[in-house]
Each structure stands twice: as structure tokens, then as C-alpha cells.
Amino acid sequence: MNSIITIPNLLTFLRMALIPVFASMLFYGHPVAALIIFVIAGLSDGVDGFLARRFQQESELGTIIDPIADKLLMTTAFIILSIPGVLPPVRHLPVPFWVTVSVIGRDVLILSVAAAINIITGFRGFKPSWPGKLSTLVQVIAVALILMSAVTGWSVYLPTTYAIVVLIAFVSGVHYIFQVASLMRDEQKAEAG
């Protein structure tokens, strides 16, 4: 029970609970409130990881729900930000569909590869990669910048933001596949040795 009710896990649950509130604020035309909620959710992601390491409250549950919360938040954000008419009429908005497809496609690719490998080989030693963490960070910053452009009307930086999000999503997805292959080789060598 103690490994479930920890401050980092509670912060992750809070982030999950904020997702429908964030989505509702966006959908019903309150970009300022959506930006504030998104920033709180984004900060909770950094804080929960820091607290887990600092106070040795890392748990198996936390390692599972933290990336799920991240993926749910990012997927929700990019889908809603791609819907025409949700954001104020600002140049380079809504988010182009190809950006949203790249973000979600990367996650679907990683989950599909991991599930297939697990089913076929039983391998479960999947670990987050630094490019994957970078991709999540870039996506969080991108969503904040997109919301800021919706609030301020200044959007000249959005095409560059979109390109960076897609590039890092692609690189991190490819890197993850090679990392899993390397982890599987290491595990096979350890079992053989």
C-alpha cells in the first residue's frame, strides 16, 4: 500500500485528473485557463520525478503510470489543438494534422513494437531513452508555445516549433527501436553466460 500512495504517484494521478479539465477549457474556448492548467500539469511531471528520486519513493506503479499520464496529456493536447475552430483565428493554427499524426504515431509505434516483442519473446526490460524524454519535454514546451500563441496572437515561431516536434519524435522513435534491440542482445548474452 505504501508504494502506491506516495507523493510522486499522487502528483501523477493529479496530472491525469487535470487532462479532462484541460481538454474542456480548450474545447470551450478558454485558452488562458487551458494554458494555466497545462503548465501545472507539466510542472507536476517534473516535480513527481524529482520527489521520487530525492525521497526514494520510486515505485513500480510510478514507472508505469507516469509515462501513461504523459502520453494521455500529449495525445489529448495535440488532438484538440488540431481541431479547426477550437483556438482563436491565429496564423499557423490549428496545429497541422501531420504534426499530431507524428506525435501519436511515434507512441503507437513504440507501444506496438514493445507489445509484439513481449508477446513473441517474453522480454520485459523496456527502459525509457533520453531521446524519448527529450521528445516529451519538447512536446510539453511546444504545447505551451502553441497555447501562448493562441492567447497572444503572436505565432511566427510555430512552423519551426512544429518541425522540431516532428524531427525529435522521429529520431526518438527510431532510437528506441535500436535501444530495445540492444537491451535484448544484452539479456540474451547474460542468459547464455
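Bear in mind these aren't lab numbers, they're just calculated from the coordinates by the rules spelled out. As the structure is a computational prediction, the values presented were derived from the model and not from experiment. All Cβ positions, even for glycine, are placed from backbone atoms using ideal geometry, and neighbour counts span all protein chains on display.
Mind checking whether some residue in the stretch 160-177 is of a type in the set (Phe, Trp, Tyr), in a helix (DSSP H, G or I) and in contact with a Lys or Arg (Cβ under 8 Å, 6 or more places away or on another chain)? Lay out the reasoning, then the answer.
So in the stretch 160-177, the residues of a type in the set (Phe, Trp, Tyr) come out as 162, 170, 176.
Those still in the list that are in a helix (DSSP H, G or I) too: 162, 170, 176.
So of that shortlist, the ones also in contact with a Lys or Arg (Cβ under 8 Å, 6 or more places away or on another chain) come out as 170.
Checking the stretch 160-177: at least one residue is of a type in the set (Phe, Trp, Tyr), in a helix (DSSP H, G or I) and in contact with a Lys or Arg (Cβ under 8 Å, 6 or more places away or on another chain).
Suppose we filter 132, 49, 62 for residues that are under 23 Å from residue 175 (Cβ atoms), surrounded by 15 or more Cβ atoms within 10 Å (Cβ to Cβ) and out of contact with any Phe, Trp or Tyr (no Cβ under 9 Å at 6 or more places or on another chain); which single one remains? Full working, then the answer.
On the way: 132 fails: out of contact with any Phe, Trp or Tyr (no Cβ under 9 Å at 6 or more places or on another chain); 62 fails: under 23 Å from residue 175 (Cβ atoms).
Being under 23 Å from residue 175 (Cβ atoms), surrounded by 15 or more Cβ atoms within 10 Å (Cβ to Cβ) and out of contact with any Phe, Trp or Tyr (no Cβ under 9 Å at 6 or more places or on another chain) holds for just one of 132, 49, 62, which is 49.
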For the stretch 27-75, give me the residue count where each residue is touching a helix residue (DSSP H, G or I) at 6+ places or on another chain (Cβ under 8 Å) and aromatic (Phe, Trp, Tyr). 3
Scanning the stretch 76-99 residue by residue, those more than 19 Å from the chain's Cα centre (by Cα) and either of a type in the set (Phe, Trp, Tyr) or surrounded by 15 or more Cβ atoms within 10 Å (Cβ to Cβ) (or both) turn out to be 86, 87, 90, 92, 93, 94
Please go through (1) free of Cβ contacts under 8 Å to residues at least 12 places away in the same chain; (2) of a type in the set (Val, Ile, Thr); (3) over 27 Å from residue 41 (Cα atoms) for residue 177 and return the number of the only condition it doesn't satisfy. (1)
Could you please find all residues in the stretch 114-129 being buried (at least 16 other Cβ atoms within 10 Å of the Cβ) and part of a helix (DSSP H, G or I)? 114, 117
Taking the criterion of being closer than 24 Å to residue 181 by Cβ, surrounded by fewer than 19 Cβ atoms within 10 Å (Cβ to Cβ) and either among the charged types (D, E, K, R) or out of contact with any helix residue (DSSP H, G or I) (no Cβ under 7 Å at 6 or more places or on another chain) (or both), would at least one residue in the stretch 150-158 satisfy it? no
I'm told residue 156 meets every condition in (1) of a type in the set (A, V, I, L, M); (2) over 13 Å from the mean Cα position of the chain (by Cα); (3) over 21 Å from residue 28 (Cα atoms); (4) in a helix (DSSP H, G or I) except one. Can you identify the failing condition by its number? (4)
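Residues to consider are 5, 37; find the one that is surrounded by 20 or more Cβ atoms within 10 Å (Cβ to Cβ) and out of contact with any Asp or Glu (no Cβ under 6 Å at 6 or more places or on another chain). First the steps, then the outcome.
Values: 5 fails: surrounded by 20 or more Cβ atoms within 10 Å (Cβ to Cβ).
Only one candidate qualifies: 37.
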Specify which of the listed residues (182, 155, 172, 135) is over 17 Å from residue 108 (Cβ atoms), in contact (Cβ under 8 Å) with a residue 12 or more places away in the chain and of a type outside the set (A, V, I, L, M, F, W, C). 155
